[in-house]
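To start, the structure under review is shown below, and the notes come after it.
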Amino acid sequence: MSVTAARGFLAAGVAAGIKESGDRDLALVVNRGPSRAAAGVFTSNRVQAAPVRWSRRALADGRISAVVLNSGGANACTGQAGAADAQLMAECTAGALDVDPNEVAVCSTGLIGVPLPMERVTAGIDTAAERVSADGGQDAAVAIKTTDSVHKTAVVTRNRWTVGGMAKGAGMLAPGLATMLVVLTTDADVDAAALDSTLREAVRTTFDRVDSDGCMSTNDTVLLLASGASGVAPDPSEFAEAVHAVCLDLGQQLVADAEGASKEIEVAVVGAASEADAVEVGRSVARNNLLKCALHGQDPNWGRVLSAIGTTSAAFDPDSLGVAINEVWVCRNGAAGESRDKVDLSGRRITITVDLCAGDSSAKIWTNDLTAEYVHENSAYSS
């Protein structure tokens with residue numbers, strides 16, 4: 001069950017009254033140990049929310065005992081008052097759970113620039129602390145939703161140890177990180193340094209490859225907590241594979257639930273001179289609004305793919321490029337290939353393969369189409 005699939009973790013999700021809808025909007029995830037090892041990765045946006053700043057400091061010693069998360073307000077661009085509110089959330093959580101406030105991470109999501117209703121938040125923390133349980137993972141995952149239509153969880157179990165996780169994100173999905181709040185938990189016995197290197201590598205090829213709308217959040221946070229409750233110190237490569245699998249699963253769920261999306265698009269770049277080239281080309285294709293509109297209209301307009309490739313600094317010969325859409329090679333050697341009429345875009349999933357014919361490196365980027373529903377969602381978001 002999400003973040004409580006791993007032993008040693010409790011969670012809760014409650015309605016604190018932050019959201020006008022009355023839906024759940026505050027969550028707690030508690031690590032009961034015996035280990036409190038933790039690692040985190042945060043947004044690279046230079047405008048960072050108060051909870052991000054607080055959580056960076058809390059993670060400095062590689063220990064986190066609890067995470068408090070709220071939806072319904074980002075606590076970003078809220079000045080010194082916002083910083084005080086993030087600290088108060090940590091202190092209130094620490095008091096309710098009898099832990100050190102400097103071992104409490106804080107995550108917030110919602111509208112930027114609006115102060116949180118702190119009386120409701122602190123009351124909600126007290127309520128959530130009373131309700132935390134080993135069955136509370138799903139409620140916690142629901143409580144962190146904003147424009148998400150579904151809650152997002154994933155679990156991988158290996159030999160006597162588990163990695164679980166929950167995520168939120170549907171808009172402002174772009175790399176560095178992709179926009180999200182994610183909490184991952186494991187009962188494996190792994191120290192903070194190993195958690196950090198494992199998490200960073202997993203994020204690099206999963207969440208950082210989600211590129212829905214080119215907009216980077218102020219609040220992105222991905223945390224990995226280890227309780228050590230299984231008593232098992234896993235093989236590092238096996239642990240890395242499990243963390244990657246959970247991150248990839250959650251990342252795919254983010255794309256599938258992107259605001260207004262009717263198509264889930266995988267851009268696979270092969271034959272690149274370097275991984276960096278492959279990523280740059282994949283991002284350019286994924287961010288091409290003309291192409292995203294064409295795919296929404298079920299038009300396999302491969303010319304827009306080539307146009308996007310041509311804006312990059314990647315190594316390639318324009319007369320050698322190949323493009324396949326749903327495995328139909330509509331472009332070969334930089335010109336028309338198989339008939340575009342063979343491409344079936346009626347389904348929700350679309351794969352675009354770009355062959356740069358310049359080397360042996362590859363990368364994948366995940367995106368979605370551009371729809372009228374996306375425009376409507378974001379034209380009315382703050383109202």
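The values are calculated or read from the model by the stated rules, or taken from the named source; none is laboratory data. This structure is a prediction, so every number in the text was calculated from the model and none was measured. Please note: Cβ atoms are built from the backbone with ideal geometry, for glycine as well, and neighbour counts cover all protein chains shown. Each accessible area value is taken on the protein alone, full model and side chains, heavy atoms only, with ligands, DNA and RNA left out. Shrake-Rupley method; radii C 1.70, N 1.55, O 1.52, S 1.80 Å.
Tabulated data
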item: Dipole moment magnitude, nearest 20 debye, the chain about Cα centre, only Lys, Arg, Asp, Glu C-beta charged; result: 280
item: Sequence ranges 150-163, 67-80, ranked by mean other-Cβ count within 10 angstrom, highest first; result: 67-80, 150-163
item: Cα-based equivalent ellipsoid of segment 1-49: semi-axis lengths in Å, sorted from largest, via gyration tensor; result: 24, 21, 8
item: R0 of 25 Å, Cβ-Cβ distance GLU338-THR311: FRET efficiency to nearest 0.05; result: 0.50
item: Accessible area per residue in Å² at 1.4 Å probe, computed on the chain; result: 39
item: Peptides 2-10, 253-261 ordered by average Cβ neighbours within 10 Å, highest first; result: 2-10, 253-261
item: Net lengthening on full extension, THR157/ARG46 (0.36 nm per residue, minus Cα-Cα); result: 36.3 nm
item: Cα centre as origin, Lys/Arg/Asp/Glu Cβ charges: segment 244-359 dipole, Debye; result: 280
item: Net charge, ALA66 excluded, C-beta distance under 13 Å - Lys, Arg +1, Asp, Glu -1; result: -1
item: Rounded to 5, the percent of DSSP beta bridges in the chain classed as antiparallel; result: 70
item: Surrounding net charge for GLY79, when Lys and Arg each add one and Asp and Glu each subtract one, Cβ distance under 15 Å; result: 0
item: Highest-first arrangement of 12-19, 296-303, where packing means the average Cβ count within 10 Å; result: 12-19, 296-303
item: The chain: Lys pairs at Cα distance under 26 angstrom, eight or more positions apart or on different chains; result: 19
item: Lys/Arg +1, Asp/Glu -1 at C-beta; the chain dipole; positive extreme among PRO318, GLY8, THR205; result: GLY8
item: Alpha carbon centroid spacing (whole Å) that separates segment 120-145 from segment 315-376; result: 43
